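Structure first, commentary second.
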Protein chains: 2
Amino acid sequence: MLERIEEIFAIGGGPGANRPGFGDAEQRAHDRAATWFEEAGLAVEVDPDGNLLARLAGEDPGAGEIWTGSHLDSVPNGGRFDGVLGVLAGLEAVQRIGRARRTLAVVVFRDEERGLTGSRARVQRGPLPEVYLEAHIEQGPILERVGAPLGVVTGIVGLARAELVFHGAAGHAGTTPMEGRRDALVTAAEFVLHARAAALGFPDCVATVGRLEVEPGGENVIPERVTLSIDARAPDRERLDALVAAIGFEPSLVSEPAPMDERVQAVLREELEQRGLPAPALGSGAGHDAGVLAGGGVRCGMLFVRSGAGGVSHSPDEWSDPDDIALCVDVLASALERLANAP
Amino acid sequence: MLERIEEIFAIGGGPGANRPGFGDAEQRAHDRAATWFEEAGLAVEVDPDGNLLARLAGEDPGAGEIWTGSHLDSVPNGGRFDGVLGVLAGLEAVQRIGRARRTLAVVVFRDEERGLTGSRARVQRGPLPEVYLEAHIEQGPILERVGAPLGVVTGIVGLARAELVFHGAAGHAGTTPMEGRRDALVTAAEFVLHARAAALGFPDCVATVGRLEVEPGGENVIPERVTLSIDARAPDRERLDALVAAIGFEPSLVSEPAPMDERVQAVLREELEQRGLPAPALGSGAGHDAGVLAGGGVRCGMLFVRSGAGGVSHSPDEWSDPDDIALCVDVLASALERLANAP
């Protein structure tokens, strides 16, 4: 499994993971995973939105399906575990379980990082499973701080995003007096600082400008146009709405805060406790396909794996310990087996 | 001449001029100009740094040379007159004058916009002319305000430039609390606003961040690295040093404030007055190849042509009236002829 993680990591080239959604590198990762699924005897299907599903048929054809999985796209210069861990741990777990009462499937959702595209499309189009259980790295510092290899996710933060455009007037950087300028980058810089100040005003909320492009971009030309992304997150709808209002933007994408299913949380907690492991409950600051499926009425759960290096993610420095990953596969397999064989 | 201006303007494609220094489009503009020079009977030479010179040999082989000209590169999405006017007005003027005592040359300097590369190289390598007289659009609002078609430049502002890099720590936009972040774009935004505030503190000074790039540039990744350009300008060395110190950067390029030659200024003023035109004296907020040559000991002058549309430049909206351009060629030819035939 660790070798396969490295193989997927190497696909896009560069110092970090580079597999943007719907690009060649994501497709190559899907193709490689499909080969592994087939070698494991699973029935592979690509749905009309490009999501990859690999099924092990259950004994009871009338029962619903249980899915596990994640995504294989990445942010630019990302880490090796984000998404990939959930797909490969899911495959490993399904192989260990073998045939169960319900059909088990490993799913690879398309284009998660830029807006959960694949899982959103699947929720629109259906059909959907009974339960979706996703293993994922925490991408934060909490499990490391409390000394727990794994954690049970209680819910996923709400997220609002938009692309904003600031207009100014181009002009020569030497001949246009400061007083008469309309510099789009000055306005955008004020927005960047304003968004940060607004997020600091609400507990457990964050706001990020991750992308910013200046046009025309000449050293001696006053910026005429700046395009930037704003990403705001909050643990509940009330705070999300208040944060978006304080920053002052019209979201083009909103992902509702999504609680995880109580029964799935209980199964995960029990599996951890049976192994003598701590079972910390924690929220997810990152959006996940599990949040989208939960919004679509699917009972969902998430198992977080401790992130090392202070929880850094979306960076080549992203790290999780092989021992923690082994525990994750073990707990995931047991939990899935219980859910797949439940009456 | 106006047709040739449009022909050069069309070379790079897009809504504005797009001929970055040392790119294909600049080269095609040089090639086109070389053809026109040859058709006019001038002897064309490309110097080792890529500057184009077109000479009409003088009667006195022992006398120095008189140059006129400008540049054919452009900023991204720039205007049709910047640089091109000086080259084509120079050709027109030399054709009108014909053979004089001193050799006359039209020069096209390389890569002016990004750092006066061609004229700097020429000053290093030599040989240099006796007098350089450059016609250029004002790129500012003063001549329009005072109602004068042409103006005599007294000197060129000093300029300091650098590329600055701000480092932060990449991380997931959802899972990294605001308090623990090191966001390179937040630091860069503070710098953009600080540079503006600093420039507002010194009379007749300007500072511009025209280029800014964010890495890795993902919507949900905290910016790890921001690279930006800073361009600061002041009318004299004292204010330039104070401005650079107030902004707080180490210039990688400094262009000294450059006074224009008194005698050349007098010739231009006389030619304007003889035609019953106002002869306003004004400083240049933009850097020019004439400033570089003046720094290299060449007697220099500049004739500014009124910019319409409030003086907008480095934009497709850049405009100068054909009547003003005709007057410019007339005054340039007379002034060059006097300088070329002076004892």
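Every number in this text was worked out from the coordinates using simple rules, so none of it is lab data. Source: prediction; values computed, not measured. Positions of Cβ are backbone-derived with ideal geometry, glycine not excepted, and every protein chain shown enters the neighbour counts.
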**Q.** Copy-to-copy label separations for B:Pro322, where each label sits 7 Å from Cα toward Cβ, in nm and ascending
**A.** 7.8
Q: Run through the other copies and list how far each one's label point is from that of B:Glu39, in nm with one decimal, shortest first; the point sits 7 Å from Cα along Cα-Cβ.
A: 6.8
Q | Residue-by-residue Karplus 3J(HN,Hα) for region B:71-87, coefficients 6.51, -1.76, 1.60, Hz, glycine and proline x | A | 9, 10, 7, 9, 6, x, 6, x, x, 8, 9, 3, x, 4, 4, x, 5
Q) Looking at the axis that maps chain B onto chain A, which chain B residue has the closest Cβ, and how far off is it in Å, rounded to a whole number? A) B:Ala189, 2
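Counting other beta carbons within 10 Å of each residue's own, what order do A:His30, A:His194, A:His71 fall into, fewest first? Walk me through the numbers before you get to the answer.
Details: A:His30 21, A:His194 15, A:His71 32.
Listed from fewest to most nearby Cβ atoms, that is A:His194, A:His30, A:His71.
Among B:Val298, A:Val44, A:Val84, what is the fewest-to-most ranking by other Cβ atoms within 10 Å?
Numbers: B:Val298 20, A:Val44 16, A:Val84 30.
With the fewest neighbours first, B:Val298, A:Val44, A:Val84 line up as A:Val44, B:Val298, A:Val84.
Let me have the relative contact order for chain B, percent, based on Cα pairs under 8 Å that are six or more residues apart. Kindly include the intermediate steps, with their values, before the conclusion.
Working: 810 pairs, mean separation 80.9, N = 343.
About 24 percent, as a whole number.
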Q. Distance in nm between label sites at A:Glu7 and A:Glu130, each 7 Å beyond Cα in the beta-carbon direction?
A. 3.3 nm
Q | GNM top mover of A:Leu72, A:Leu193, A:Leu53 - chain A, alpha-carbon springs below 10 Å | A | A:Leu193
Q: Please report how far the C-alpha centroid of region A:253-280 lies from that of region A:284-343, rounded to the nearest whole angstrom.
A: 9 Å
Q: Can you pull the one-decimal nm distance between simple spin-label points at A:Thr227 and B:Val44, each 7 Å off the Cα toward Cβ?
A: 3.9 nm
Q. With each label point set 7 Å from Cα along the Cα-Cβ vector, what nm distance links B:Thr154 and A:Glu250?
A. 5.0 nm
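For B:His314, B:His167, B:His172, what's the fewest-to-most ordering of other Cβ within 10 Å of each Cβ? Walk me through the numbers on the way to the answer.
Values: B:His314 32, B:His167 11, B:His172 29.
In increasing order of surrounding Cβ atoms, one gets B:His167, B:His172, B:His314.
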(Q) For A:Asn341, project a label point 7 Å along Cα to C-beta. Then give me every residue of region A:19-59 with its amide nitrogen under 13 Å of that point. (A) A:59
Q: Only Lys, Arg, Asp and Glu count, each charged at its Cβ (+1, +1, -1, -1), so figure out the dipole size of region B:158-254 about its Cα centre, rounded to 20 debye.
A: 100 debye
Q.
Below 8 Å, C-alpha to C-alpha, sequence gap of six or more: please give me the relative contact order for region A:158-254 in percent.
A. 44 percent
**Q.** Low-density loop positions, trypsin sites (Lys or Arg not before Pro), region B:264-306 - DSSP coil, at most 15 other Cβ in 10 Å
**A.** B:Arg275
Q) Between region A:189-228 and region B:200-243, what's the alpha-carbon centroid distance in Å? A) 15 Å
Q. Copy-to-copy spacing for A:Gly23, label 7 Å out on the Cα-to-C-beta vector, in nm, shortest first?
A. 2.3
Q. What is the sum of charges around A:Ala29, taking Lys and Arg as +1, Asp and Glu as -1, for the other residues whose C-beta is under 14 Å from the C-beta of A:Ala29?
A. -4
Q. Along region B:119-132, what does the Karplus equation 6.51 cos²θ - 1.76 cosθ + 1.60 (θ = phi - 60°) give for ³J(HN,Hα), rounded to whole Hz, x for Gly and Pro?
A. 5, 4, 5, 5, 5, 5, 8, x, x, 10, x, 7, 9, 10
Q: Take the alpha carbon atoms of region B:94-153, find their center, do the same for region B:160-177, and report the distance between the two centers in whole angstrom.
A: 41 Å
**Q.** Around B:Glu318: net Lys/Arg minus Asp/Glu count, Cβ-Cβ under 9 Å
**A.** -1
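Report the full-extension gain for the segment B:Val146 to B:Arg101: residue separation times 0.36 nm, less the Cα-Cα distance, to one decimal in nm. Before the final figure, lay out the partial values.
Numbers: separation 45, 0.36 × 45 = 16.20 nm, distance 3.68 nm.
Taking B:Val146 through B:Arg101 to full extension adds about 12.5 nm, to one decimal.
Provide the net charge surrounding A:His167, with neighbours chosen by a C-beta distance below 9 Å and charges set as Lys +1, Arg +1, Asp -1, Glu -1.
On the way: positive: A:Arg182, A:Arg225; negative: A:Glu224.
Overall, the nearby charge balance is +1.
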Q.
Once R0 is set to 45 Å, what does the formula 1/(1 + (r/R0)^6) return for the Cβ-Cβ distance between A:Gln27 and B:Asp24, expressed as a FRET efficiency to the nearest 0.05?
A. 0.85
